[in-house]
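The values are calculated or read from the model by the stated rules, or taken from the named source; none is laboratory data. Keep in mind that what you see is a predicted model, and the values were worked out from it rather than measured. Cβ: placed from backbone, ideal geometry, glycine included. Neighbour counts: every protein chain shown.
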Amino acid sequence: MAKKTKNIDIPAPSAPKTHTTLEREAYAEFTEKKSVFIGYATPVKCEEDALEFIKKIRHKHGDATHNCYAYELNGGGIARYSDDGEPQGTAGVPILDVIKKSGATDCCVVVTRYFGGILLGAGGLVRAYANGAKIALEAAHIVTYESYTEFRLVCDYGAYQKLNYEFPKYGIIVDASDFGGSVTLKLAVKAALFADFEKKLAEMFAGKVCTEVLGERFDFR
């Protein structure tokens with residue numbers, strides 16, 4: 001009698017965790033029909049950070065006609081915006097739309113306007129505030145962080161020389177090094193490559209050089 005078989009679904013490997021946000025705080029400006037628009041963008045970790053950034057820009061440009069803003073956190077889980085006196089839907093929504101389309105999250109954008117005396121109309125305002133957000137995000141540089149594994153490695157000087165040739169192949173980041181009786185390294189590598197690197201260590205040193213996992217972090221290279 002034929003032995004019964006059972007199909008087992010094997011889950012596909014999970015994709016590396018990524019986080020797309022802004023690299024730094026930045027600003028950019030342009031003039032449209034004598035109105036000056038200044039776009040500010042910054043990465044934020046929480047809603048309090050976003051509100052503090054908005055407060056800072058409002059204080060800096062207290063004499064401006066409008067300080068309109070939008071921010072998004074947790075991949076869209078939190079999203080807020082303000083037209084700050086501009087006609088409804090002509091400032092905050094376009095700014096938020098630009099943030100969403102950029103793919104960035106955990107960021108805040110404020111677009112300041114100094115009115116130049118010429119009305120832009122609803123369509124003109126939408127385009128101007130969207131452009132202010134766009135150039136601010138470009139200046140702040142959108143980056144995608146990947147999950148990195150942080151680990152410690154202790155080896156002798158001979159092994160260290162050999163490992164120096166391997167580190168670039170795996171994109172390993174050297175966070176710290178201590179050269180005493182032996183070499184102690186604090187390193188980080190993309191989480192998706194950590195197992196491959198450990199396998200390479202085993203091949204090179206037959207288990208004599210091992211890693212100690214310290215934690216995880218987001219980073220980009």
Practice prompt. Scan region 150-169 for residues that are out of contact with any strand residue (DSSP E or B) (no Cβ under 6 Å at 6 or more places or on another chain) and within 17 Å of ALA191 (Cβ to Cβ) and jot them down.
Written response: PHE167, LYS169
Practice prompt. With the checklist (1) assigned by TED's automatic domain parsing to the domain that holds THR42; (2) assigned to a helix (DSSP H, G or I); (3) modelled with pLDDT under 95 in hand, flag the one item GLY117 doesn't pass.
Written response: (2)
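With the structure loaded, tell me whether THR20 is surrounded by 16 or more Cβ atoms within 10 Å (Cβ to Cβ), modelled with pLDDT under 95, under 27 Å from TYR148 (Cα atoms) and of a type in the set (S, T, N, Q) or whether it fails that test. Break it down into steps so the answer makes sense when it comes.
Details: surrounded by 16 or more Cβ atoms within 10 Å (Cβ to Cβ): yes; modelled with pLDDT under 95: yes; under 27 Å from TYR148 (Cα atoms): yes; of a type in the set (S, T, N, Q): yes.
Yes, satisfied.
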Item to complete: Test VAL111 against the stated conditions and say whether it is in contact with a helix residue (DSSP H, G or I) (Cβ under 6 Å, 6 or more places away or on another chain), assigned by TED's automatic domain parsing to the domain that holds ASP49 and surrounded by 15 or more Cβ atoms within 10 Å (Cβ to Cβ).
Response: yes
Discussion item. Which residue is surrounded by the most Cβ atoms within 10 Å (Cβ to Cβ), if the candidates are limited to region 142-167 and must be of a type in the set (Ser, Thr, Tyr) and part of a helix (DSSP H, G or I)?
Written reply: TYR160
Worksheet item: Among the numbered criteria (1) outside any loop (DSSP other than H, G, I, E, B); (2) at pLDDT 95 or above, which single criterion is violated by GLY75?
Response: (2)
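Hey, among the residues in region 80-105 that are acidic (Asp, Glu) and surrounded by 19 or more Cβ atoms within 10 Å (Cβ to Cβ), which one's farthest from the chain's Cα centre (by Cα)?
Within region 80-105, the subset acidic (Asp, Glu) is 83-84, 86, 97.
Keeping just the survivors that are surrounded by 19 or more Cβ atoms within 10 Å (Cβ to Cβ) gives 83-84, 86.
On the way: ASP83: 26, ASP84: 27, GLU86: 30 Å.
Here the residue is GLU86.
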Discussion item. Please go through region 30-78 and give me each residue that is within 23 Å of THR18 (Cα to Cα), free of Cβ contacts under 8 Å to residues at least 60 places away in the same chain and surrounded by 15 or more Cβ atoms within 10 Å (Cβ to Cβ), ordered by number.
Written reply: ASP49, ALA50, TYR71, GLU72, LEU73
